Amino acid sequence: MVNNKLREGKPHKVVSGTLIAHGQAPFDHKEDNELNYFAVLRTKSNHERTCWGVDLERAISECGVELGEDIIMTNLGREPVTVLIQVKDEQGNVVKEQPMQTHRNTWVVERSIAAETAFRARSNEPVHGSDVAIPVAAEQPVVPEAPAAITNQKVVPMFREQPKPWLLELQEEMAKRMERERAYSARLREKIEKIWEGCVPYSCRITEPMRLYLQSRELVFNVDEVEKSDCLRFHPEMAYYDEDGNEVGKFPAIVCAIRDVEGNLVTLHRTYLSKSGKKAKVVNAKKMMPIPDGLDVNGGAVRLGEPTEGILGLAEGLETALSAYRVTQIPVWSTVNATLMESFEVPAGVHTVLIWADKDKSVTGEKSANVLKAKLEKLGIQVYVLLPKLPIPAKAKGVDWNDVLMSQGTLGFPNARYLRDFIARRRAEYGRS
């Protein structure tokens, strides 16, 4: 079946052969590059061809091909596309969406004619556009039953069936792929540690872009307390890669360490900035690095200070966490997103958790907060979900506590002393003081 995309008059790059491997890896297998998607084909001339492109994952999945099948891959080229980025006002409200030009490779993956015929035959589907005859089984002659003495004899094969060459090749390629993945994971760990060691604490002089950004969000906090947990640093020249693994440029960046429940470094979250302290003009100004094999980001967080008197605050984004921390002086950890909020694991010694939830039109933030609340309450931990009373602007997806801080100041928050007294009273009521 000819894909409609291939009928355009534009020349395309076409690669055909047997699919022997596909998956994620750093672009061009260079450890400094970000994750991309690759496919390896064995051509008729017995050469290996490796193709790269984020869109390959979608194309291979939609085609439904499996390893060992003959396929045809067509690259429709690197075409310009327009994506929309949000533009916010001084209060953090989304006022418009600004178009940004970028490029994206598009792929089409199809089975070869012979492979498609075999696939449809296995699936009992008709093979359209072909004259393949379906053989009709002839009537089998009646064979007289053999004596029991003969039928009970064991048959010893003269030759053991040998694996097919393509299967051996596939097994070898899978073993190589697993080894590549192990090597990549080891390099990724080294890269994460190298980047983290290349960052500097907030208190250093060269962190001006970070300072300007946080000041623009009204974020003032106890630097000494935050630096105790060593999760917030600055990188003066963090490389930014597009989805095809091409380096776009180097930017100042806020770098946050996501640590597991035991405090071990799992991966890094980066917020790319301009030198003037605004978000960098890139497609995704906030990006999290991949997770090395053997480590689990679930249950982890960006630790901003240490729990005080058994009380810990929790929020999704860094800005939201620092906002609540500024007003209440109760350390607040960032889970980065709603998914990691649900899987968060409370460290030992914490008896009360304050969740500063995002107020989204999709209700995602509130739902995730309540999922965590139900989980922690089963463990005997008191949990309070705090939702902004600020209305969601018509063009915004939601509001968070940083929006409250920027529009209403500290008066938009619950009184810090009242919060502590309320928690103490509730613990006394339940006999936990």
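Bear in mind these aren't lab numbers, they're just calculated from the coordinates by the rules spelled out. Everything quoted here is computed from the prediction, not taken from an experiment. All Cβ positions, glycine included, derive from the backbone under ideal geometry; neighbour counts span all protein chains shown.
In nm, to one decimal, how far is the modelled label at VAL15 from the one at HIS47, with both set 7 Å along Cα→Cβ?
With each label placed 7 Å out from Cα toward Cβ, I get 1.2 nm.
Identify the chymotrypsin sites (Phe, Trp or Tyr not before Pro) of segment 370-433 meeting these criteria: DSSP loop state and at most 11 other C-beta atoms within 10 Å of the C-beta.
For chymotrypsin sites (Phe, Trp or Tyr not before Pro) across segment 370-433 that sit outside H, G, I, E and B with at most 11 neighbouring Cβ atoms in 10 Å, the list reads TYR430.
Which pairs break 21 Å Cα to Cα here: LYS191/LYS286; LYS228/LYS278; LYS361/LYS389; LYS287/LYS375?
Going by Cα-Cα distance, LYS228/LYS278; LYS287/LYS375 fall outside the 21 Å limit.
Report the full-extension gain for the segment GLU62 to VAL350: residue separation times 0.36 nm, less the Cα-Cα distance, to one decimal in nm.
Result: 99.0 nm gained on full extension.
Once both labels are modelled 7 Å past Cα along the beta-carbon direction, what's the TYR430-ASN222 spacing in nm?
Label at TYR430, label at ASN222, 2.5 nm between them.
Net charge within 10 Å of ASN298 by Cβ-Cβ distance, Lys/Arg positive one each and Asp/Glu negative one each, not counting ASN298 itself?
Taking every other residue near ASN298 into account, the sum is -4.
Under 5 Å between amide hydrogens, which residues at least 5 positions from LEU390 or on another chain qualify, with H placed 1.01 Å from N in the peptide plane?
Amide H neighbours of LEU390, under 5 Å, 5+ apart: none.
In whole angstrom, note down how far apart the Cα centers of segment 343-407 and segment 261-326 are.
16 Å
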